[in-house]
Amino acid sequence: FAPSYDRGATVAGVVGVGRLITGMDRGLQGMCVNERRHLIVPPHLGYGSIGVAGLIPPDATLYFDVVLLDIWNKNDKLQITTHSKPERCNRTVENSDFVRYHYNGTLLDGTPFDSSYSKDSTYDTYVGTGWLIKGMEQGLLGMCAGEKRSIIIPPFLAYGEKGYGTVIPPQASLVFSVLLVDFHNPKDGIFVEHLEVPEPCKRRAVTGDFVRYHYNGTLMDGTLFDSSYSRNHTYDTYIGKGYIIPGMDQGLQGVCVGERRRVVIPPHLAYGENGAGDKIPGSAVLIFDVHVLDFHNPEDPVEIETVYRPEGCNVTTRDRDFVRYHYNCSLLDGTKLFSSHDYEKPQEVTLGTSKVIEGLNTGLLNMCTGEKRVLIIPPHLGHGESGARGVPGSAVLRFEVELVSMEEGVPEGYLFIWHGDPPENLYEQMDLNKDGEIPPEEFSTFIKTQVAEGKGRLMPSSDPEKIIADMFRNQDRNQDGKITSEELKLKTDEDQEKIHEEL
């Protein structure tokens, strides 16, 4: 006589206050949502001897097939059930926070009406500012990022008597299954968690320093969006100069070499409302787990630490000296690169001849034989931005050096110098057989004699024969295999002639 299905609308009413016929009032008592009942209502509990004109005869027994779709009470509150919660929860949602969450929305009988998953996008909004129904605003409070909740909202905290469009009936209770992806407050700054800080930490990074670091970048739900490890290459940049997102610029301030830290960055200090690419959504909070390998400043000098210095050290290395030394070279994270101990003999070099990197040359100056040092060499005094074979670009290097021996050098441009004044009749003394010309053999014999007698010294080298041959070639100006008196000139005289020519 009166099916609700034909009207396309459910029947809503308050039970037990006399607004329904007595039989229906009693028959609905104790029902659960989605329960179905068959009610037989005798006339005295229905419309009695009067009936309903044109619809229900007098003294009619009534049969109702009822399914209960929804139930609520004006005293009801939200029903919140937490299904899962992360172990780490540094902060929970408060009013004025901006939240990003996924949800499935159903009526109390399980009928779905909306889902963020079907849109492949989170629902993003502020909490406590009236942009959500009251029940959802209350239901999101106190949630952790990554938490899952079920929230049952009575209609007076949802869409009330009017419902919403064709999907939410009037007086409908709503059930939301919510996953909070992330949240932040527009007033938030970055959050830094120090995971591992090496001891000692002699220096901390400041604005203007160049930092090399590895990182994993994730969203708050743990989704990885980027990693330097996957590229097998550090991220290298200046900090505090706007070359990276503001939150990371701030988050790397004060790091130590070798430090591991977690930097949580709100979107207004990251990629904002627009996000970046297809991996960082708009308004996403970013989490960077950072491992700092090294840093330096473009104005840094070589850092020299003397580990051992022999007593009675009176003679130290100078520019142009020939030195032999052992070394171990590594990165600041301890990665070993090279070692002279892998070879049969120490490394050899004449200082100031650009045969080694500038920082190592500097670190080998003013050393005593037997002295041991640790050198920290910034890249601009090492292998620079490009690096070298086995050496990453912009890497700070750590050298452990020990000076094995040294030989006093000669000024730049000289192969031999006199310890005093040269002989006045130099050519005659050099011409051993007095035939008016000096062949290579006489020249070599004479120079070796001067060295042996301590009257002069050769440029220190592992091959004195080659140095003497170069000296002879320089004096044999017409390259005829012999030196004449006209050809023989001291380098001091040659330098003076050049000055006159320039004048």
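Brief remarks follow.
- Nearest 10 degrees, 0 to 90: helix 491-502 Cα axis against the chain principal axis: 70 degrees
- Computed P(r) (all Cα pairs; the range 60-114; 5 Å bins; percent): 4, 9, 12, 19, 16, 14, 10, 5, 3, 3, 2, 2, 1, 0
- Helix 464-475 and the long axis of the chain differ in direction by around 70°, with both axes built from C-alpha atoms.
- Restraint check, Lys77/Lys134; Lys355/Lys455; Lys434/Lys482, Cα-Cα greater than 18 Å: Lys355/Lys455
- FRET efficiency for the pair Tyr5 and Glu193, taken as 1/(1 + (r/R0)^6) with r the Cβ-Cβ distance and R0 = 56 Å, rounds to 0.45.
- Per residue, the convex hull spanned by the Cα atoms of the range 191-295 amounts to 92 cubic angstrom.
- Shape of the range 241-395, Cα gyration tensor, a/c cut at 1.5: prolate
- Linear extension gain, Glu441 paired with Met31, 0.36 nm per residue minus alpha-carbon span: 135.3 nm
- Sum of side-chain charges, Thr218 neighbourhood, beta-carbon under 14 Å (Lys, Arg +1; Asp, Glu -1): -2
- Semi-axis lengths, largest first, of the ellipsoid equivalent to the range 132-212 are 48, 13, 10 Å, with √(5λ) applied to each eigenvalue of the Cα gyration tensor.
- Coarse-grained scattering of the range 54-203 at q = 0.12, 0.20 Å⁻¹, given as base-10 log I(q)/I(0) from a Debye sum over alpha-carbon atoms: -0.61, -1.28
- The Cys residues in the chain with no partner Cys Cβ within less than 4.7 Å of their Cβ are Cys32, Cys329.
- Charge sum, other residues only, whose C-beta stays under 15 Å from Ile80's C-beta, Lys/Arg counted +1 and Asp/Glu -1: +2
- Summarised as an ellipsoid, the range 303-407 has semi-axes of 23, 14, 13 Å, derived from the eigenvalues of the Cα gyration tensor scaled by 5 and square-rooted, with the largest first.
- From the alpha carbon centroid of the range 191-245 to that of the range 1-47 is 66 Å.
- The residues of the chain have, on average, 56 Å² of accessible surface per residue, using a 1.4 Å probe with all protein chains present.
- Gap separating the Cα centres of the range 95-162 and the range 249-281, nearest whole Å: 28 Å
- Scaling against 2.2 N^0.38 Å puts the C-alpha radius of gyration of the range 4-68 at 1.14.
- Positive minus negative residues near His291 (Lys, Arg vs Asp, Glu; Cβ under 15 Å): -3
- Counted over all Cα-Cα pairs of the chain, pairs farther apart than 39 Å make up 59 percent.
- Computed Kirkwood radius, in angstrom, where 1/r is averaged over Cα pairs of the range 416-502: 13.7 Å
- Nonpolar atom fraction for the chain, defined as the carbon and sulfur part of the 1.4 Å probe accessible area, stands at 49 percent.
The values are calculated or read from the model by the stated rules, or taken from the named source; none is laboratory data. Computed from a prediction, not measured in an experiment: that's the story for all the values here. Every residue, glycine among them, receives a Cβ derived from its backbone with ideal geometry; neighbour counts consider all protein chains shown. Only protein heavy atoms, including side chains, enter the accessible area calculation; ligands, DNA and RNA are left aside. Shrake-Rupley method; radii C 1.70, N 1.55, O 1.52, S 1.80 Å.
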